Amino acid sequence: MSSSDRSPAVDLTRTYEVRTYGCQMNVHDSERLSGLLEDAGYVRAPDGSDGDADVVVFNTCAVRENADNRLYGNLGRLAPMKTKRPGMQIAVGGCLAQKDRDTIVKKAPWVDVVFGTHNIGKLPVLLERARVQEEAQVEIAESLEAFPSTLPTRRESAYAAWVSISVGCNNTCTFCIVPALRGKEKDRRTGDILAEIEALVGEGVSEITLLGQNVNAYGSDIGDREAFSKLLRACGKIEGLERVRFTSPHPRDFTDDVIAAMAETPNVMPQLHMPMQSGSDTVLKAMRRSYRQERYLGIIDKVRAAIPDAAITTDIIVGFPGETEEDFDQTLHAVREARFAQAFTFQYSKRPGTPAATMEGQIPKEVVQARYERLVALQEEISWDENKKQVGRTLELMVAEGEGRKDGATHRLSGRAADNRLVHFTKPDTEVRPGDVVTVEITYAAPHHLLAEGAVLDVRRTRAGDAWDKRNAAEAVKPAGVMLGLPKIGAPEPLPVATGSGCGCD
């Protein structure tokens, strides 16, 4: 490592805050940014600091039309704080940084560092270089320098983790700017993925989510169309790994061997998030989605035949350019046929730099809003009906942390069922920790959650719960810090499970 790449010792009173926008890939990257900063000696600012930190990092998303307005608005609010706080630094990374590059420091000259999606590992070095040289550092790598999962991390969860299996995307969807910003798909070696999962399990993690822009295209680098199903089966052989999830697959690459692997691998959960985007063949063609409604619904039929209890969720875009009322009716038809447990619905938003942004037939805002409200109402009805089918069932939940905003007032805890449904349950007399597993009977269903109002039937203490205890104990006695020089080099760890792709780009 050259002297220019070293992360110098940092005054331990220096604090940091990372603000994250966008999809799970950005959440995963932000855990790495936090890990890098802590590895270099920074200390995380208390929750609710709201910019009152020595280093504020924005990990941005370029998917929504107003993404830049949101960023510059937030940067503007920090400008007077920086003036009053000598030595404060602001860094901007992520997809918007990759896209706008020099524009950011021109519009917000008080920004110290701009870095892209491919070189997040350089953040501590760039911050120090900006401090020493007293000028903004803009460094945007054109290709991936290191997989996110090979960088230090500060995971938000002790019991669940993201594991990146690929980055980038080879699709050319007309509404999506991700391939331009994250590049072509690059797969990680299977051995490296499994080694990381085994290391995570050794630390107490019991649930992992395989993460990629298009996970079931995994293996395209080596021409193995069954590489993803093989990876799922290999995860099934890892002792101590209780739950495996993945997000997000593309219908084009969804093959029967993946369905078989899901059905036949006990720790692969009966859950599938598969973006549909539209139910109209005409719109799907305009989107350059290489499947049609019949193909999509056919995959769902096969999944349900193999895994009857599977909960299927999706992403849908309303108001894509040229969408007619007949096209929208086809989306409603597909939603009725698919009977999604949940749908993450988005009003079409122009992504500057995408083909769809300049297409003819842009839909008036009021029309898009009306269609969106009709779709949401239909899906709410279906979600509630599907959740009602869970009433009376006995489910095993992994206890979650921070999932139930009203848990304190209702004296409940929250957890996720195998199919990822959120369940609030009566707090038992015995201690239950995040990562532990409880068995409950469902007594009530709402559109977005379930209730288990009776007594907990069983509590199983787990290594994941032990890991949560250990982590909390360490946080409680953590010293202010230690002067650090070179950052650690080596394998790390990832994060918690989320639903939906967030950006609707898959």
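The values are calculated or read from the model by the stated rules, or taken from the named source; none is laboratory data. Note that the coordinates shown come from a computational prediction; the quantities given were computed from them, not determined experimentally. Glycine also receives a Cβ, built like all others from the backbone with ideal geometry; neighbour counts cover every protein chain displayed. With ligands, DNA and RNA removed, areas are computed over all heavy atoms of the protein, side chains included. Shrake-Rupley method; radii C 1.70, N 1.55, O 1.52, S 1.80 Å.
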(message) Tell me the residue from Ala306, Ala310, Ala286 that is touching a residue at least 60 places away in the same chain (Cβ under 8 Å) and under 30 Å from Glu242 (Cα atoms), please.
(response) Ala310
(message) Given the criteria in contact (Cβ under 8 Å) with a residue 12 or more places away in the chain and farther than 21 Å from Asn26 by Cα, does Asp54 qualify?
(response) yes
(message) I want to confirm something. Restricting to segment 55-93 and keeping residues that are of a type in the set (Lys, Arg) and not in a helix (DSSP H, G or I), which single residue is least open to solvent (accessible area, probe 1.4 Å)?
(response) Arg85
(request) For residues that are surrounded by 14 or more Cβ atoms within 10 Å (Cβ to Cβ) and touching a Pro at 6+ places or on another chain (Cβ under 9 Å), scanning just segment 351-381, find the one that is farthest from Asp458 (Cα to Cα). (result) Met359
(request) Taking Gly41 as the residue in question, decide whether it is open to solvent by less than 40 Å² (accessible area, probe 1.4 Å), among the small types (Gly, Ala, Ser) and assigned to a helix (DSSP H, G or I). (result) no
(message) For segment 328-343, check the following and say yes or no: at least one residue is surrounded by 16 or more Cβ atoms within 10 Å (Cβ to Cβ), among the acidic types (Asp, Glu) and more than 19 Å from Thr247 (Cβ to Cβ).
(response) no
(request) State the number of residues belonging to segment 118-129 that are open to solvent by 10 Å² or more (accessible area, probe 1.4 Å) and among the polar types (S, T, N, Q). (result) 0
(message) Out of everything in segment 282-300 that is among the charged types (D, E, K, R) and surrounded by fewer than 16 Cβ atoms within 10 Å (Cβ to Cβ), what residue ends up being nearest to Ala418 (Cα to Cα)?
(response) Arg295
(request) Go through segment 94-120 and count every residue that is outside any helix (DSSP H, G or I), of a type outside the set (A, V, I, L, M) and over 14 Å from Asn74 (Cβ atoms). (result) 8
(message) Exactly one condition in (1) under 21 Å from the mean Cα position of the chain (by Cα); (2) open to solvent by less than 30 Å² (accessible area, probe 1.4 Å) is false for Gln137; which is it?
(response) (1)
(message) Name the single residue that is surrounded by the most Cβ atoms within 10 Å (Cβ to Cβ) among those in segment 1-28 being at pLDDT 85 or above and touching a helix residue (DSSP H, G or I) at 6+ places or on another chain (Cβ under 7 Å).
(response) Tyr16
(request) From (1) modelled with pLDDT of 95 or more; (2) out of contact with any Cys (no Cβ under 9 Å at 6 or more places or on another chain); (3) of a type outside the set (Ser, Thr, Tyr); (4) over 30 Å from Tyr372 (Cα atoms), pick out the condition that doesn't hold for Arg295. (result) (4)
